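Data block below; observations after.
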């Protein structure tokens, strides 16, 4: 997830417009692709899916050779929702079951890693239930003053890898301490 210097992952209404401020670094895109290629399933909350799914499908239509768009559209996606039974999109299924049991079942299956793209409320729920094995956080050189946090209580993490990009963004990989 992208975070701001002041610890937010989105503006108060969920906007992530600040992620695209400033220059983009091709090495950042390469890192995101590398992470996506290490996974075979994407998880997200219902609110996130409303923008995420059409964004990547439309980008793939416009740019069929875009490597990240190809991954995002072709990879199986599981959207967690208490209210919807179906969500339109390619390779999408909806999970309505109990969060902890559903995640534990997914983690027990063979295959590559599972990646979580958000949104803030969904990720916060996963963190509260200690369901994340690692945290890939991209620190952006911007402060927004107020917004949404994924951390609702103290979490002690251990930094295991980091990469600084030319645009000032810093990718950090943490594991629970």
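Distance between the modelled labels on residue 5 and residue 164, one decimal in nanometres: 1.5 nm (7 Å Cα→Cβ projection). The label point for residue 59 and the one for residue 91, both projected 7 Å from the Cα toward the Cβ, are 1.4 nm apart. In percent, rounded to a whole number, the relative contact order of the chain is 31, using alpha-carbon pairs under 8 Å and six or more apart. In the range 100-117, whose amide N lies under 16 Å from the spot 7 Å out along Cα-to-Cβ of residue 37? List them in ranges. From the range 100-117, the list is 112-113. Compared with the direct C-alpha span, the chain from residue 82 to residue 66 gains 2.5 nm at full extension, assuming 0.36 nm per residue. Is the chain rounded, prolate or oblate when judged by the Cα gyration tensor, a ≥ b ≥ c being the square roots of its eigenvalues, rounded requiring a/c under 1.5 and prolate requiring a/b larger than b/c? It is rounded, given that a/c, with a ≥ b ≥ c, falls under 1.5.
Between the range 101-177 and the range 1-20, the C-alpha centres lie 13 angstrom from each other. For the chain, set up a GNM with springs between Cα atoms under 10 Å and report which of 41, 146, 83 has the largest fluctuation. Result: 83 has the largest fluctuation of those listed.
For the options 142, 79, 115, a Gaussian network treatment of the chain with springs between C-alpha atoms closer than 10 Å singles out 142 as fluctuating the most.
Label-to-label distance, residue 20 versus residue 107, with points set 7 angstrom from Cα along the beta-carbon direction: 3.4 nm.
FYI, it's all coordinate maths here, none of it is from the lab. Just so we're clear, the structure is a prediction, and the values are computed from it rather than from any experiment. Backbone-built Cβ (ideal geometry, glycine too); neighbour counts: all protein chains shown.
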